[in-house]
1. Filtering segment 1-39 down to residues that are among the aliphatic types (A, V, I, L, M), surrounded by 10 or more Cβ atoms within 10 Å (Cβ to Cβ) and at pLDDT below 95, which residue is nearest to the chain's Cα centre (by Cα)?
2. Looking only at segment 17-43, which residues are of a type outside the set (D, E, K, R) and part of a strand (DSSP E or B)?
3. Taking interchain pairs and intrachain pairs at least six residues apart, which have beta carbon atoms under 7 angstrom, with the first residue in segment 1-26 and over 20 Å from residue 43 (Cβ atoms) and the second among the polar types (S, T, N, Q) and surrounded by fewer than 10 Cβ atoms within 10 Å (Cβ to Cβ)?
Amino acid sequence: MTSTYAWRDDSAVSGKTYWYYIGMLNRDGSKQNLSGPQEVKAK
């Protein structure tokens, strides 16, 4: 099964590099990473 995630960071500065994780917040308040760090250069 393949999933696609999309998120827009309106505070990102064009040309700057950012690192993001895909994660999940559980009902009990705990957090779980679903990916390693993802490097993204803002357009």
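1. 22
2. 17, 18, 19, 20, 23, 24, 25, 32, 33, 38, 40
3. Sorted first by the residue in segment 1-26, then by its partner, the pairs are 23/32; 24/32; 26/32.
The values are calculated or read from the model by the stated rules, or taken from the named source; none is laboratory data. Note that the structure is predicted; figures quoted are calculated from it, not measured. Quick reminder, even Gly has a Cβ in these numbers, built from the backbone with ideal geometry, and neighbours come from all protein chains shown.
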